[in-house]
1. Please give every one of the lysines within straight-line cross-link reach of B:LYS72, meaning a C-alpha to C-alpha distance under 30 Å, and leave out same-chain neighbours fewer than 8 residues apart.
2. Would you mind giving the mean number of other chain beta-carbons within 10 Å of the Cβ of each residue in A:52-65, as a whole number?
3. For chain B, what is the calculated [θ] at 222 nm in deg cm²/dmol (nearest 500), taking -39500 (n - 2.57) for each run of four or more DSSP H residues and dividing by its residue count?
4. From other protein chains only, count the Cβ atoms within 10 Å of every residue's Cβ in B:43-51, then give the mean.
5. Within 10 Å of each Cβ of B:33-42, how many other protein chain Cβ atoms are there on average?
6. Does region B:1-135 classify as rounded, prolate or oblate by the C-alpha gyration tensor (a ≥ b ≥ c root eigenvalues; a/c under 1.5 gives rounded; else a/b over b/c gives prolate, otherwise oblate)?
7. Could you compute the FRET efficiency for A:GLU43 and A:VAL119, with r as their C-beta to C-beta distance and R0 at 22 Å, rounded to 0.05?
8. Would you mind classifying region A:41-114 by shape? Square roots of the alpha carbon gyration tensor eigenvalues, ordered a ≥ b ≥ c; an a/c under 1.5 is rounded, otherwise it is prolate if a/b is larger than b/c and oblate if not.
Amino acid sequence: MRRESSLHARSGDMSFVADFHQEALKKDQGPERYLKIQLELEEEVSLSEVEFRFFIVSGLRSLHGEVGAALTFDLLEHDEVSNVAVLRVSREGLVKLWSSLTLLGFYKNQRCAFRVLQVSSSPPES
Amino acid sequence: MVRVKSRYLLCEVNVTDRNLLLLLDDRAVTATVKDVVQRIHGDYGAALCSFGFSVKYINAVTGIIFLRFPKKCYKQLWTALPFITSIEARGKKIPCFLNCIYVGGTIRTCQKFLIRYNAHQLRRMLPKCKSDDEKRNIQQAILDCSLTRTHTDEAEDALESEEDE
């Protein structure tokens, strides 16, 4: 999208407005969705990125099988202290990912819950 | 009127050793399919499979089976079938793979297709005959291929033809 705006800039000043409008429209049609989640546990445990990712994949595998475990998602930001993370997933995979996060109840014999803080089709600013 | 619609998958079980085919029974096939759907599609797939899935017909001699799936999820469960590598029947493992040759809306359409398919297979076997006796048997079998119709079936046919897609 950045490339397009630089091309349009040469053709005239008014095209900036049309460009901005188009970008705003394109937001919801983006092929990816971003999920900001927080993992709440009974005791304060901090998970490394690898453990976090493995935990999510195990949840996907239990609910959606091998097909779910093969779903590609990216762990963009991960805060070990507060266990807040941002995941990026394709539009079709959002339902599978969200449903398996909802149904994950136990982490190593501790009860846990995933709170979904924000869902958007553009990367969160923070 | 709302009618419960389903899809019948006509599958052929391919094995290397035909003697093992005779061990097939419906409970083994049901267990295998449920197991593979659980592995590939997880708890969600197992739930889709629990109600509405059944094995309707098994022919152990030719290796043909009819699987019934609900219309809403048959494609998803169909994708799990290629992952079947063996069927465990009566304590023995039969290494095999499933080949789906037809999808029908009713058992009747599957039956009609199966008759045409079997006649086609018999015709293919004809040139490979080694003795005149065998040739005559096969030719007789081809001529015998037909669906026996009763008068109740004809009334049902009109209704069932709506389901075929």
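Since every read-out is calculated from the coordinates, none of them should be taken as a lab result. On a predicted model such as this, the values are computed, not experimentally measured, just so you know. Cβ placement follows ideal geometry from the backbone for every residue including glycine, while neighbour counts extend to all protein chains displayed.
1. A:LYS96, B:LYS5, B:LYS34, B:LYS56, B:LYS112
2. Mean number of neighbouring Cβ atoms from other chains: 2.
3. Values: 6 runs with 76 residues, N = 165.
Helices in chain B give a 222 nm mean residue ellipticity of -14500 deg cm²/dmol.
4. Numbers: counts 8, 10, 6, 1, 1, 0, 0, 0, 0.
Mean inter-chain Cβ contacts per residue within 10 Å come to 3.
5. Working: counts 0, 0, 0, 1, 1, 1, 4, 5, 6, 13.
Averaged over the peptide's residues, the number is 3.
6. Numbers: a/c = 2.60, a/b = 1.44, b/c = 1.80.
Oblate, since a/c reaches 1.5 and b/c is not below a/b.
7. Values: r = 28 Å, r/R0 = 1.27.
About 0.20, to the nearest 0.05.
8. Numbers: a/c = 2.03, a/b = 1.36, b/c = 1.50.
Oblate, because a/c is 1.5 or more while a/b does not exceed b/c.
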